[in-house]
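Working notes for the structure below.
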Amino acid sequence: MLLAVCALLHCSDSTRTYSGRDHQLDVPIPHFDADVVLDGDLADSVWTRAARLTGFSQYAPNDGVPAADSTHVLVWYSATAIYFGIRAFELHGRPTMTLANRDQIFDDDNVQILLGTFHDGKQALMFAVNPVGVQGDGSLIEGANVTARGFIGGAARGSAA
């Protein structure tokens, strides 16, 4: 999976953009008491006020290299949930995707969210989806996912992000 920055995205005045490649890693995630319809439309007003994350780098096959394709992540939370809106682009042709069973998408193009809720830098919860909406999930534990071919594809090298 390749993640990269998109500098062409126009932001409203209330949206802050944070770039990982510019080392803007301490991101205040906004809290809203809002209802949102989860329909894939990121034009709703709550999404325009979300924190915008950019500047991602690839982790496979070469960790830390800026990717050719771009991804923007919008994030905010309410009293009951955290919300991610993701725009991922494939500039090199059509995305790779299959209508597969759950957790069988890691050879496809997919978006993964890794949440390090243990604050130890060694474990993360992973949530993924491919372009046709098939989901995958699991956990990464440092040293335990070295041969995780069916989990996150060939990219696992035993470290939690």
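The values are calculated or read from the model by the stated rules, or taken from the named source; none is laboratory data. Not measured: the values here are computed from a predicted model. FYI the Cβ positions are ideal-geometry reconstructions off the backbone, even for glycines, and counts take in every protein chain you see. With ligands, DNA and RNA removed, areas are computed over all heavy atoms of the protein, side chains included. Shrake-Rupley method; radii C 1.70, N 1.55, O 1.52, S 1.80 Å.
Whether any residue in region 37-51 is under 19 Å from ASN110 (Cβ atoms) and at pLDDT below 90 is what I want to check.
Quick first cut of region 37-51, residues under 19 Å from ASN110 (Cβ atoms) only: 38, 40, 42.
So of that shortlist, the ones also at pLDDT below 90 come out as 38, 40.
Yes, region 37-51 has at least one match.
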Among the residues of region 42-75, which ones are touching a His at 6+ places or on another chain (Cβ under 9 Å) and of a type in the set (D, E, K, R)? ARG52, ASP69
Please tell me if GLY64 is farther than 24 Å from LEU38 by Cα, small (Gly, Ala, Ser) and within 16 Å of the chain's Cα centre (by Cα). yes
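Could you list all residues from region 15-41 that are in a strand (DSSP E or B) and of a type outside the set (Phe, Trp, Tyr)? Spell out how you get there, then give the answer.
Pass one, region 15-41, residues in a strand (DSSP E or B): 17-19, 31.
Answer for region 15-41, where residues must be in a strand (DSSP E or B) and of a type outside the set (Phe, Trp, Tyr): THR17, SER19, HIS31.
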Kindly check whether there is at least one residue in region 104-126 that is in contact with a strand residue (DSSP E or B) (Cβ under 8 Å, 6 or more places away or on another chain), modelled with pLDDT under 80, more than 20 Å from ASP63 (Cβ to Cβ) and outside any strand (DSSP E or B). yes
Kindly list the number of the only condition in (1) in contact (Cβ under 8 Å) with a residue 40 or more places away in the chain; (2) of a type in the set (A, V, I, L, M, F, W, C); (3) in contact with an Asp or Glu (Cβ under 8 Å, 6 or more places away or on another chain) that fails for VAL37. (1)
Go through region 73-102 and report how many residues are open to solvent by 70 Å² or more (accessible area, probe 1.4 Å), touching a Phe, Trp or Tyr at 6+ places or on another chain (Cβ under 7 Å) and either hydrophobic (A, V, I, L, M, F, W, C) or assigned to a loop (DSSP other than H, G, I, E, B) (or both). 0
Look at ALA60 and say whether it is part of a strand (DSSP E or B) and touching a residue at least 24 places away in the same chain (Cβ under 8 Å). no
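How many residues, within region 127-137, are assigned to a strand (DSSP E or B) and surrounded by 16 or more Cβ atoms within 10 Å (Cβ to Cβ)? Before the answer, list the steps.
Here is the first cut: in region 127-137, the residues assigned to a strand (DSSP E or B) are 127-129, 135-137.
Checking which are surrounded by 16 or more Cβ atoms within 10 Å (Cβ to Cβ) leaves us with 128-129, 136.
The total comes to 3.
For region 41-57, how many residues meet the condition of being closer than 14 Å to GLY20 by Cα and either out of contact with any Leu (no Cβ under 8 Å at 6 or more places or on another chain) or in contact (Cβ under 8 Å) with a residue 40 or more places away in the chain (or both)? Step through it out loud before you land on a result.
At the first step, the residues of region 41-57 found to be closer than 14 Å to GLY20 by Cα are 51-57.
From what is left, the residues that are either out of contact with any Leu (no Cβ under 8 Å at 6 or more places or on another chain) or in contact (Cβ under 8 Å) with a residue 40 or more places away in the chain (or both) are 52, 54-57.
Within region 41-57, residues that are closer than 14 Å to GLY20 by Cα and either out of contact with any Leu (no Cβ under 8 Å at 6 or more places or on another chain) or in contact (Cβ under 8 Å) with a residue 40 or more places away in the chain (or both) number 5.
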